[in-house]
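The values are calculated or read from the model by the stated rules, or taken from the named source; none is laboratory data. The shown structure was predicted, so the numbers you read here are calculated from the model rather than taken from an experiment. Cβ coordinates were reconstructed from backbone atoms using ideal geometry, including for glycine residues, and neighbour counts include every protein chain displayed. We work out accessible area using only protein heavy atoms, side chains counted, and drop any ligands, DNA or RNA first. Shrake-Rupley method; radii C 1.70, N 1.55, O 1.52, S 1.80 Å.
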Amino acid sequence: MTGTENNPYDVIVCGAGHAGCEAALAAARMGMRTLLISGNIDTIAKMSCNPSIGGQAKGHIVREIDALGGEMAVNTDTTAIQFRMLNESKGPAVQAPRAQCDKKAYQLRMKHTLELQPGLHLFQAIVSRLIYGTGCVRGVGTSIGAEFYAKTVIVTTGTFLRGLMHIGKNKTEGGRSGDFSAQTLSSSLKDAGIALDRLKTGTPARLLGSTIDFAVMEEQPGDAQPLLFAFYDTRGLPDDVFHVEQSPAMAAAERLLFHVEQGRGMRRPGWLPGMEQLSCWMTHTNARTREIIIENLHCSALYGGEIQGVGPRYCPSIEDKMVRFANHERHRLFLEPEGRGTDEWYVNGLSTSMPFDVQQKILHSVPGLENALMMRPAYAVEYDFAQPTQIHSWLETRQVEGLFFAGQINGTSGYEEAAGQGLVAGINAALKVRGEPHWVPARHESYIGVLIDDLVTKGTQEPYRMFTSRAEHRLLLNHNSAELRLGPHAARLGLLTPARAAAVLRKKAAVEDWSARFEQLAAPGGKLGDHIRKGGGLDAAPAEFLALSESAREEVLYRVRYRGYIDRELRHVSKLAGVERVSIPDTFDYATVPGLRNESRQKLIRHRPENLAQASRISGVSPADISLLIVALASRNT
Amino acid sequence: MYFDGDSIAAPATPAAESALAIIRVSGPLCKELSAVFSGKMSIEPRKAFYGAYRSLDGVLQDCCVFIPYPQGSSYTGESMLEICCHGNPIIVRSILDDLFRRGCRAAEPGEFTRRAFLNGRMDLTQAEAVQDLIAARSRASIDAAQRQLDGSVGRAVNSLLERLLNVIAYAEAYIDFPEEDLPPEDKDGPIAQLVSLQSDAKRLMATAPYSALLREGARTVIAGLPNAGKSSLLNALLGEERAIVSAEPGTTRDYIEERLIVGRHLLRIVDTAGLREGGGEIEDKGIEKSRQLIAHADIVILVIDGTAPPPCQELPVSLRELSARGLVIVAINKCDLPQEKPFDELLPGARLIRLSAITGEGLPELRDAVCDIIDSRYKAPGQDDVLVCARHAEALANMSDSIAQALDKMRRGEAAELAASDLRDALGSLEQIVGRVDSERVLDLVFSKFCIGK
Ligand SMILES: Nc1nc2c(ncn2[C@@H]2O[C@H](COP(=O)(O)OP(=O)(O)OP(=O)(O)O)[C@@H](O)[C@H]2O)c(=O)[nH]1
Ligand SMILES: [Mg+2]
């Protein structure tokens, strides 16, 4: 039997949210014997908050996950009910796909994917503690008394660590409405010397669609020609797991039926993801909403002093918005469908920790929601997280060997940020078991790299969400290039099937080749590259080019069009390459570096950068400090 | 190999009077520079050559010894060029200024060592030997920089930073939050803000020469015909017998430099050999040197013997140019003796002062005139307390360049993230002065200005 002291698993993943699923799948796909433990396997990959995946910067991450052989992109494509490309008015680097998903279908498909994955064992139990060896982790203990041993353990517990939900003054223990909270795991982590802190997040109310007056709202339909998240050119749509499908004939009978096609390879002829999309609807708060909120501020958990955790600046509760932006007459709200087989609607923009009765008053003041019936109230949730400066960039904790953290436990927010980390944790747990060096994507090759580097070098004071402005090499990170940036790594790590790996390398070679050839081929008034940069069309492009996949063509055009900027970014990157290479040992004593300013010394001690590049990104650390470090490091390596 | 792309330059010897000064340059530009100064396309590595250092505008700065080092076998591991010039801080500064104009940038403290280390060119003993040195030097420069940043310069630069961050935050809000209910994007406001940023940066940059003058002293050259009383004047100003004085024309053959405080200004005052032709080989060399010193002077005091007829020989062209810019004082010496006729038309634009190096008459007026020239000709108007050093000026110039590029794209309506990338470069230039700026500061501004969030 696997999981005993003598025959441990390679990897145990605690928690089957968005981080846990990717971690377990990546490990298992890399050949690890993997156990995924969840307190409730009916809530696998649950979208606890909004029903959407992707969006600005997050959509980029989802495409990167696909490039690394992860599941989130495919799972979204095959269960989505609306697709939209954001920022179409801006350049390609900052355009991002977003989708609304059928929440239930999303969960079910992910669960089924886990079930079908060879080497992966899915098991329901609440992890109550970690089992430690000397300086390392050896397994987990569960609430049913059973112990499971493993060489590595990945903790992806989301908001469940001492989760506490607030609705006004009312407090309930739990990581999510209707769920338990992990009370004892926190103290087990503290036993190992890991410091925990509190963060706060929240989710708005859910309403019954038939009681909403959509007629007074503005419709926001999906894109007619949706761009999918996964790079299918090399694969074709997956046939192994079901997808959500609705036949055109049934479309007339609005939301009457949703159709789940189970079986492998079964598909209604002519069906493609993105057909028969559902719309979102837009409304707004008004002066009456404002009055109600201001009158009742003292009842809010946030303003009433009930909540200690720090909430995110970018996701303020409605009471926050009213207080901080007092001069705004109205705030926009979106009604988003939670799925095809349900009439539950999510009210985007109305997060609150007000008591139930005030919440109702607030809702009923909004145009179109005068008679809306609430199905679930809004609530705020506080939970433990570990300041991520305590982990290495490969997501292993500094205190305990073999113990990895991914997702909200590291202070992030968002399904996509969690999934990206889960994937990297799964990869590195597998590499550790194999005895191979760890791997982390770099800042200039992925948003996942920016995310992790920011976390481990700077820590976070609020739930960390990705924005494109966090990436200094944003122009290199257009979503369409994700497969070329990360695919070769994924191929080397064994995350892709051999066929896909080969196809990725072919695509990369073709894109590079054509980008160069555009500068040599003749076109009206010069070379084809110049012609394109002057806004010219593809009339002069050879037929072979036009025969490439759309993604490859787009990427070639992007590289040609933005050649100057991309080259400049690459020069910036190569400047840093030297310092990136020089690592700073964990045991390095900054007190022994002469001439270092006190302020820099304190910051370096606190952040413990892994290499000089990280050190140079710490705010206030000067080039002179870096020079001193270089010499100190050189003289240390005797 | 570690390759930074930039070429860096810095003096390798301390900034004080010495027989010889060495300026080191490291980076890809070195090859081109070696070719320029040697006049040959291919040069023998590690073999010193003698040559004239002429700045980009063709002016001779000094005669130097150049030692080129090829990539792979230099101190830093990159192509390098060592320039040995006279140990005069004025010359060192002119050469550095010229190198910056040629595309080098000022090296950060310890940057040569950093490159050497990263290229695997430094063994342990070397590393340890330079460690203390760098620590001491960078300490000093950090302290100096810190002192500046605490003061008025810091306030001025931080205000630029604040304003730049605001423009960046505004642009980023519209890039990162396409789904939010933001007010319609204002295109003209940010453009106007950037333009005003640019002009303020320019104003700050313009203080750099004056600031250098204050820090390093104004190069004040005493020139004139032999026997006019130049050495006597130097002695009178110094209040000691520093230079040899004699009735024999051509007494001073090599120049003498001294520091002198006049009013609130530091002068590097130089006594030179008298300007005349055909005085023998050694004297000719001295005279050639005098011409060079005049060409690089901040101020020239042209001493004229008031008892002799006006000089009939040609004055150096550079002296006429300086005079036209109001930088020359004509000191009509020996006013204790009966005078020849007036010298008014001698040099258009020059101020005339009658004085006597022996009795001291007219010296206070001379001192006042020198101070007045420094303040009126070198100080940027309205910037009494804010003065930036050359390194800051360089960073500000780079910032302005990046802003200019951003403005260009904004005006042409190109994709917003492209201008944003220029603005990020502009921020990077300011970071050279204020240190790393956390990207959170941009987000802070976004969230404080706009109501964002679900
Ligand atoms: N009466 C009088 N004699 C002066 C005055 N200034 C200089 N002399 C005399 O003029 C002669 C030349 O003076 P220097 O100071 O050696 O002249 P110089 O310009 O340095 O001459 P060179 O170094 O030979 O070019 C000396 O004999 C001085 O004593 C002055 O103001 N009044
Ligand atoms: Mg003399």
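Is it true that B:ILE244 is within 8 Å of ligand 1 (Cβ to nearest atom) and either out of contact with any helix residue (DSSP H, G or I) (no Cβ under 7 Å at 6 or more places or on another chain) or open to solvent by 20 Å² or more (accessible area, probe 1.4 Å) (or both)? Answer is yes for this residue. In the set (1) at pLDDT below 80; (2) closer than 18 Å to B:CYS371 by Cβ; (3) within 14 Å of ligand 1 (Cβ to nearest atom), B:GLU277 fails one condition alone, (2). Within the range B:234-257, the set of residues being within 9 Å of ligand 2 (Cβ to nearest atom) and of a type in the set (A, V, I, L, M, F, W, C) comprises B:LEU234, B:ALA243, B:ILE244, B:VAL245, B:ILE256.
Rundown of residues vs (1) open to solvent by less than 30 Å² (accessible area, probe 1.4 Å); (2) assigned to a helix (DSSP H, G or I); (3) in contact with a strand residue (DSSP E or B) (Cβ under 6 Å, 6 or more places away or on another chain), yes/no style:
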position	(1), (2), (3)
B:CYS30	yes, yes, yes
B:ALA35	yes, yes, no
B:GLU44	no, no, no
B:GLY58	no, no, no
B:CYS63	no, no, yes
B:TYR75	no, no, no
B:GLU82	no, no, yes
B:CYS85	yes, no, yes
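Answer yes or no as to whether A:LEU36 is touching a helix residue (DSSP H, G or I) at 6+ places or on another chain (Cβ under 7 Å), at negative phi, assigned to a strand (DSSP E or B) and open to solvent by 10 Å² or more (accessible area, probe 1.4 Å). Against the criterion (touching a helix residue (DSSP H, G or I) at 6+ places or on another chain (Cβ under 7 Å), at negative phi, assigned to a strand (DSSP E or B) and open to solvent by 10 Å² or more (accessible area, probe 1.4 Å)), A:LEU36 does not qualify.
Pull up the range B:182-203, narrow it to residues that are part of a helix (DSSP H, G or I) and without any contact (Cβ under 8 Å) to a residue 60 or more places away in the chain, then point me to the one that is least open to solvent (accessible area, probe 1.4 Å).
The initial filter retains those residues of the range B:182-203 that are part of a helix (DSSP H, G or I), namely B:188-203.
From what is left, the residues that are without any contact (Cβ under 8 Å) to a residue 60 or more places away in the chain are B:188-189, B:192-193, B:196, B:199-200.
Numbers: B:ASP188: 115, B:GLY189: 19, B:ALA192: 61, B:GLN193: 90, B:SER196: 47, B:SER199: 55, B:ASP200: 40 Å².
The selected residue is B:GLY189.
Scanning the range B:209-233 for residues that are more than 18 Å from B:ILE373 (Cβ to Cβ) and open to solvent by less than 50 Å² (accessible area, probe 1.4 Å) gives B:PRO226, B:ALA228, B:GLY229, B:LYS230, B:SER231, B:SER232. Set side by side, the residues B:LEU275, B:LEU260, B:LEU267 differ, and just one is closer than 20 Å to B:LYS289 by Cα, aliphatic (A, V, I, L, M) and away from ligand 2 (no atom under 14 Å from the Cβ), which is B:LEU267. Against the list (1) open to solvent by 50 Å² or more (accessible area, probe 1.4 Å); (2) at positive phi, the condition B:GLY326 fails is (1). For B:LEU396, the requirement of being within 14 Å of chain A (Cβ to nearest Cβ) and assigned to a helix (DSSP H, G or I) is not met.
Comparison of B:GLU108, B:GLU179 shows that the only residue that is part of a loop (DSSP other than H, G, I, E, B), modelled with pLDDT under 85, over 18 Å from B:ILE22 (Cα atoms) and out of contact with any His (no Cβ under 8 Å at 6 or more places or on another chain) is B:GLU179. Residues of the range B:226-241 that are in a loop (DSSP other than H, G, I, E, B), closer than 25 Å to B:ASP368 by Cβ and within 7 Å of ligand 1 (Cβ to nearest atom): B:ALA228, B:GLY229.
Condition check ((1) within 8 Å of chain B (Cβ to nearest Cβ); (2) modelled with pLDDT under 85; (3) within 24 Å of A:LEU227 (Cβ to Cβ)) across all residues:
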site	(1), (2), (3)
A:LEU538	no, no, yes
A:SER549	no, no, yes
A:ARG559	no, no, yes
A:GLY564	no, no, no
A:PHE588	no, no, no
A:GLY595	yes, yes, no
A:GLY620	yes, yes, no
A:ASN637	yes, yes, no
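Of the strands (runs of 3 or more DSSP E) contained entirely in the range A:186-239, those carrying at least 2 residues that are of a type in the set (A, V, I, L, M) fall at A:196-203, A:206-208.
For (1) more than 16 Å from ligand 2 (Cβ to nearest atom); (2) open to solvent by 50 Å² or more (accessible area, probe 1.4 Å); (3) under 27 Å from the mean Cα position of the chain (by Cα); (4) under 18 Å from B:LEU237 (Cα atoms), each residue gets a yes or a no:
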site	(1), (2), (3), (4)
B:GLN292	yes, no, yes, no
B:LEU302	no, no, yes, yes
B:PRO310	yes, no, no, no
B:GLU314	yes, yes, no, no
B:LEU337	yes, yes, no, no
B:GLU361	yes, yes, no, yes
B:PRO364	yes, yes, no, yes
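When each of A:LEU576, A:LEU557, A:LEU548 is tested for being open to solvent by 10 Å² or more (accessible area, probe 1.4 Å) and part of a loop (DSSP other than H, G, I, E, B), the lone residue that passes is A:LEU548. With the requirement that a residue be more than 13 Å from B:LEU164 (Cα to Cα) and of a type in the set (A, V, I, L, M, F, W, C), what does the range B:420-433 give you? B:ILE433 - this is the single residue of the range B:420-433 that is more than 13 Å from B:LEU164 (Cα to Cα) and of a type in the set (A, V, I, L, M, F, W, C). Restricting attention to the range A:81-106, and to residues there that are open to solvent by 10 Å² or more (accessible area, probe 1.4 Å) and more than 12 Å from chain B (Cβ to nearest Cβ), which single residue is farthest from the chain's Cα centre (by Cα)? Of everything passing the filter in the range A:81-106, A:LYS104 is farthest from the chain's Cα centre (by Cα). For the range A:320-332, does any single residue satisfy the condition of being in contact (Cβ under 8 Å) with a residue 24 or more places away in the chain, among the β-branched types (Val, Ile, Thr) and within 14 Å of another protein chain (Cβ to nearest Cβ)? There is at least one residue in the range A:320-332 that is in contact (Cβ under 8 Å) with a residue 24 or more places away in the chain, among the β-branched types (Val, Ile, Thr) and within 14 Å of another protein chain (Cβ to nearest Cβ). Among residues of the range A:589-602 that are assigned by TED's automatic domain parsing to the domain that holds A:ALA632, those with a Cβ under 8 angstrom from a residue that is open to solvent by less than 80 Å² (accessible area, probe 1.4 Å) and of a type in the set (D, E, K, R), sequence gap 6+ or separate chain, pair up as A:TYR590/A:ARG601; A:ALA591/A:ARG601; A:VAL593/A:ARG601; A:LEU596/A:ASP625; A:ARG597/A:ASP625; A:SER600/A:ASP625. Cβ-Cβ contacts under 6 Å between residues 6 or more apart (or on different chains), taken from a first residue in the range B:233-254 that is under 19 Å from B:ARG276 (Cα atoms) to a second residue that is in a loop (DSSP other than H, G, I, E, B) and more than 8 Å from ligand 1 (Cβ to nearest atom), are listed as B:GLY250/B:GLY279. Is it the case that the range B:196-215 has a residue that's within 16 Å of ligand 1 (Cβ to nearest atom) and out of contact with any His (no Cβ under 9 Å at 6 or more places or on another chain)? No, because not a single residue in the range B:196-215 is within 16 Å of ligand 1 (Cβ to nearest atom) and out of contact with any His (no Cβ under 9 Å at 6 or more places or on another chain).
Could you say whether any residue in the range B:428-440 is touching a helix residue (DSSP H, G or I) at 6+ places or on another chain (Cβ under 6 Å), free of Cβ contacts under 8 Å to residues at least 12 places away in the same chain and either within 14 Å of another protein chain (Cβ to nearest Cβ) or among the hydroxyl-bearing types (Ser, Thr, Tyr) (or both)? Yes, there is a match, as at least one residue in the range B:428-440 is touching a helix residue (DSSP H, G or I) at 6+ places or on another chain (Cβ under 6 Å), free of Cβ contacts under 8 Å to residues at least 12 places away in the same chain and either within 14 Å of another protein chain (Cβ to nearest Cβ) or among the hydroxyl-bearing types (Ser, Thr, Tyr) (or both).
Filtered by the rule that a residue be more than 29 Å from A:ARG198 (Cβ to Cβ) and open to solvent by less than 50 Å² (accessible area, probe 1.4 Å), the range A:120-147 gives A:LEU120, A:LEU122, A:GLY133, A:ALA146. Restricting attention to the range B:335-364, the residues that are within 14 Å of ligand 1 (Cβ to nearest atom) and not β-branched (Val, Ile, Thr) add up to 14.
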